[in-house]
Amino acid sequence: MMKNQKKRSEKAPIQKFNLITGASEFLLSVLCTVGFSALGAYLQKDIPGNILWIFTTISYALPIGLFAFAVILSILKLNAYRKKFKFESVAKATDFLLSHRRRAEQTANEKLKILMKLRRRPDTIAILCAAAGIVTAVSIGVSSESGNAFFALVLFLCSFSRLRIAPPKAVFTNGMYVATITEYPRLHSLAQKALDTLGCKNKLVIMLNTDFGASVLARSKTLFLCIGAELIEMSYEGELYAIFLHEFGHIAADGRVALKVSGYSRWLETEKCHHFLSFLADLPFVHLDMVFENEYRLYHYAASVISEETADKAMATYGNVRDAASVLTKLSYKNLYDYERYYDDSSLFESEQLSETLISDNADKFEKAIEARSEFWNKLLENEIISNNATHPTLRMRLSSIGAERPFALPVPQDDSFSAERKKAIDAANALIYSHLSGIYQEKRDIHLGLKAETDAWEASGEPISAETFVDIVDKYMYCGQTEKAVSVCERVINELPEPATAYAYFIKGVCMLHRFDSGGIELVYRAIAINTNYIDTGLSEIGAFCCITGNSDELKKYRNSCTEMYQAQADKYDETGILRPGDKLSAEELPDGMLDNILSYIKSIDEGLIEKVYLVKKIITDDFSTSVVIIRFAPETDEEKRAEIYKKIFVYLDTSSNHQFSLFDYAGVSSVKFEKIAGSCVFDIKKAE
């Protein structure tokens, strides 16, 4: 078993709004620096020459002293805050988290008070930075120390970086279809009725997307209501009105304080502008931002379920219980439908042409599934158990809170007064997804056909199975929507290959079984985890979800006990196998006879001459646990795609060839670690080999 720790950062696309905001912050900082420096230069003539040194001192001491103080204070407070959440065991950490859910209402109120204080403190620091920037800039002008202008610029930038400018509507509606009141008068009428009923005075923008859900975002005095066209297609007017009551019920119930802290959290995570000087501009706020984000996560975890229950009650209080129960049932049906189809035997790219009716086709399939599966789904929903990390109550809890007894889904009339808008919405969603996919469809289809050709060739060659190649075959089958063939390969691997090679096969087969509601998959996933600890996170997550969905309380108890034990082992041992840093306890490594020769032989067979060196050292993690660290140094000219391909092959080989604990790293990511100084660490050098 081993850990793959080759990390690649992907730069997120920068929105036009953030570019404009960043440029504005920088320009304002420059203008303030120049302006107040000019003011200082103007005042210089009235200041005695023998005291100019005071302003020179200020121009240096104030910004440097302020930043030194900010950095030291942040480090001290960060360390103190982290110690507060450094638990002795996973069990205590879990209990701490669950305690917030157990006393959810009290926790939410307590956290809101803390969050409001944390929200105000950065503003105070921003004002102080602006004041310090003014004093520094004026002092620069008086003392003619223009070289210190950068200090004043950064102080102003610190201040202006905390300006929370509301993004334009285009930012929130990007990639969606805005449903205007002219096109959708009935939809707007229902939404406005719900707003008026709940006493919300906000402006409303309705956006259509292609999924089966609804959400609302409050920004300034505008509510952005996002609703899936597939949900509109599957709902009649009473159900849509219930949905609107639920979504606006969040706004009405949460209150201004909750909306302010959620808005600030969203600004920190997604709307705050980042630029090349952000690492300096954010220094005075690092500690407060981290604390706010952590406290907000705890608040959201505690408050989410009771918030949903409150919003559900708005549906029953101001609407019709029957309509509310029906649409809540449909939403739960969709979750189960998607769960069943997670490993479906189909691929979008099988067709020569991209369908122009993808969303309406999906809606038709779901409607037929309801007819065929609703009886089975109802039994699941009546026994469902809420998970520890759930953000929504179970359907049984939701129906109970609104006074409904059982799950049911009412049919949608096809000739009601809303049918024209329903068709218009689904047509708009079809056009939206077609526009999004049409430009990339042929490229994706070519990939699909290429992978299918490779699996066809593998089948034609007699379907040879080996530890080094089967993972690639299974992945190709899964990508092409040939799940049954992938599972068939996994079954062969389990029966024919040595145990160390079978973990992935057990995992894929087990998870596929779980998504088909076959409890036999639990044992297979546990088997995969026992063979290879890489599957702890995803494996336990799949088992937990299955137990909650199926209401298997006995197995859930065993699962939660297993979670505590496995996550503790992961925290104590396995997490460390994925990290290589200066200060780790490293030493020379000796592998069992023949193992190193086999590894190097395999690497030489697939590296295409692009690997310059291979290093091998031992990392000692505890007195009785260590990992063999393999570091691959590629030639500088190796392109990223080829590097990733070779790296994956080596990873799979090390992961499946034996039960030995390996960790694999790319030299580029760990070059600061002095493993090269360990005698015998370089086990392959292409120059010496030549």
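Extension gain for Met595-Arg164 works out to 149.3 nm (0.36 nm per residue, less the C-alpha to C-alpha distance). In the assembled protein chains, Leu153 presents an accessible area of approximately 20 Å² (probe radius 1.4 Å).
Taking the Cα centre of segment 140-265 as origin and assigning +1 to Lys and Arg Cβ atoms and -1 to Asp and Glu Cβ atoms, the resulting dipole is close to 620 debye. Count Lys and Arg as plus one, Asp and Glu as minus one, and take only other residues whose Cβ is under 11 Å from that of Ser360; the net charge is then -4. Which label marks the calculated value of Cα extents along the principal axes in Å, given the options (1) 122, 74, 54; (2) 109, 58, 45; (3) 93, 80, 51? Among (1) 122, 74, 54; (2) 109, 58, 45; (3) 93, 80, 51, the one derived from this structure is (3). Each Lys and Arg Cβ is given +1 and each Asp and Glu Cβ -1; about its Cα centre, the chain then shows a dipole of about 3440 debye. Shown in residue order for segment 284-299 are the 3J(HN,Hα) couplings computed by the Karplus curve 6.51 cos²θ - 1.76 cosθ + 1.60 at θ = phi - 60°: x, 10, 4, 5, 5, 5, 5, 5, 4, 4, 5, 5, 5, 4, 5, 4 Hz (x for Gly and Pro). Once you've got the Cα coordinates, tell me which of Lys77/Lys573; Lys203/Lys272; Lys485/Lys509; Lys77/Lys113; Lys330/Lys365; Lys330/Lys423 are over 22 Å apart. With Cα atoms farther than 22 Å apart: Lys77/Lys573; Lys203/Lys272.
Summing charges over neighbours of Ala404, with a neighbour being any other residue whose Cβ is under 9 Å away from its Cβ, gives +2 when K and R count +1 and D and E count -1. Of all alpha-carbon pairs in segment 574-690, indicate the percentage at a distance above 18 angstrom. Percentage above 18 Å: 48. Multiplying the residue separation of Ser553 and Gln353 by 0.36 nm and subtracting their alpha-carbon distance yields 67.3 nm.
Projecting label points 7 angstrom from Cα along Cα→Cβ for Ser466 and Ser24 puts them 6.0 nm apart. Taking a straight Cα-Cα cut-off under 16 Å and skipping sequence neighbours fewer than 8 places away in the same chain, the lysines within cross-link reach of Lys604 are Lys613, Lys642, Lys648, Lys649, Lys687, Lys688. For segment 617-634, 3J(HN,Hα) computed residue by residue from phi via the Karplus equation (6.51, -1.76, 1.60; θ = phi - 60°) reads 9, 9, 10, 8, 9, 9, 4, 10, 8, 8, 9, 8, 8, 10, 10, 9, 10, 7 Hz, glycine and proline entered as x. For segment 533-659, relative contact order (Cα pairs under 8 Å, six or more residues apart, normalised by length) works out to 19 percent. With protein chains left intact and a 1.4 Å probe, residues in segment 574-690 average 51 Å² of accessible area per residue.
DSSP finds beta bridges in the chain, and of those with both partners inside it, around 60 percent are antiparallel. Figure note: Lys334, Lys84, Lys485 ranked by solvent-accessible area, largest first, 1.4 Å probe, ligands and nucleic acids not counted: Lys84, Lys485, Lys334. Just how far, in whole angstrom, is segment 205-283 from segment 517-563 if you go by their alpha carbon centroids? Going from one Cα centre to the other spans 34 Å.
Cβ distances below 4.7 Å define possible disulfide partners, and in the chain the cysteines left without one are Cys32, Cys200, Cys226, Cys273, Cys480, Cys490, Cys512, Cys547, Cys548, Cys563, Cys682. Per-residue ellipticity at 222 nm from helix content only, as computed over the chain with -39500 (n - 2.57) for each DSSP H run of at least four residues, stands at -21000 deg cm²/dmol. For segment 557-690, the carbon plus sulfur part of the accessible surface works out to 47%, probe radius 1.4 Å.
For Ser663, the residues 5 or more places off, or on other chains, whose built amide H falls under 5 Å of its own are Lys3, Ser628, Val629, Val630. Within the shell of other residues whose beta carbon sits under 15 angstrom from the beta carbon of Ser139, the net charge comes to -2, with Lys and Arg scored +1 and Asp and Glu -1. Evaluating 6.51 cos²θ - 1.76 cosθ + 1.60 at θ = phi - 60° for every residue in segment 442-453, the Karplus couplings come out as 5, 4, 5, 5, 4, 4, 4, 5, x, 5, 5, 5 Hz, glycine and proline recorded as x. Taking amide H atoms as placed 1.01 Å from N in the peptide plane, the amide H of Glu612 lies under 5 Å from those of Arg633, Phe634, Ala635, each 5 or more residues away in sequence or on another chain.
The values are calculated or read from the model by the stated rules, or taken from the named source; none is laboratory data. Everything numeric in this text was worked out from a predicted model, so none of it was measured. Counting neighbours? That spans all protein chains shown, and the Cβs are built from the backbone with ideal geometry, glycine included. Remember, those area values only see protein heavy atoms, side chains included, never the ligands or the DNA or RNA. Shrake-Rupley method; radii C 1.70, N 1.55, O 1.52, S 1.80 Å.
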